[in-house]
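Inspection log for the structure reproduced underneath, given as structure tokens.
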Amino acid sequence: MTDIRQLITIYEAHKQYGIVRDTLYHRIAKGRLTAYERDNKMYLDPADLVDWQNSLHTSKHGAAFKEIPELHAQGFTDA
């Protein structure tokens with residue numbers, strides 16, 4: 001069971017983990033990321049984000065995914 005006090009908003013997840021908000025919403029819509037709704041706000045468990053980021057570094061995509069944060073910093077989008 002997830003402790004609600006540990007959850008963060010999508011905006012906070014975007015800021016803390018550098019993940020594009022549209023990517024977070026897309027993953028929630030597709031059922032790849034669990035979101036919790038309370039008072040008309042969506043919340044995420046930071047542990048899920050850490051697990052997701054760790055899986056990117058060990059996935060078959062490897063080096064390409066490691067370049068994404070740097071490309072985002074340069075103004076590129078996921079597309």
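The values are calculated or read from the model by the stated rules, or taken from the named source; none is laboratory data. Computed from a prediction, not measured in an experiment: that's the story for all the values here. Virtual Cβ from ideal backbone geometry, glycine too; neighbours counted across all protein chains shown. SASA here: full protein model, heavy atoms, side chains in, ligands and nucleic acids out. Shrake-Rupley method; radii C 1.70, N 1.55, O 1.52, S 1.80 Å.
Working note: Karplus 6.51/-1.76/1.60 with θ = phi - 60° gives segment 19-36 the couplings 9, 4, 4, 4, 5, 4, 4, 4, 5, 5, 4, 7, x, 8, 9, 7, 10, 10 Hz, where Gly and Pro are set to x. Database remark: amide H of M42 closer than 5 angstrom to the amide H of I10 (H placed geometrically; neighbours at sequence offset of 5 or more, or on other chains; Pro and chain starts carry no H).
At 1.4 Å probe size, with the rest of the protein present, what percent of the exposed accessible area of segment 8-58 is carbon and sulfur atoms? Roughly 45 percent of what the probe reaches on segment 8-58 is carbon or sulfur. Once you list every other residue whose beta carbon is under 14 Å from the beta carbon of M42, what net charge do they have if Lys and Arg are +1 and Asp and Glu are -1? Result for the neighbourhood of M42: -2.
The simple spin-label model puts a point 7 Å past each Cα toward its Cβ; for I28 and K15 those points are separated by 1.7 nm. Hey, quick one: spin label on H72, modelled 7 Å out along Cα-Cβ, who in segment 13-33 has an amide N within reach, i.e. under 15 Å? Within reach of a label on H72, which here means backbone N under 15 Å from a point 7 Å along Cα→Cβ, segment 13-33 contributes 13-28.
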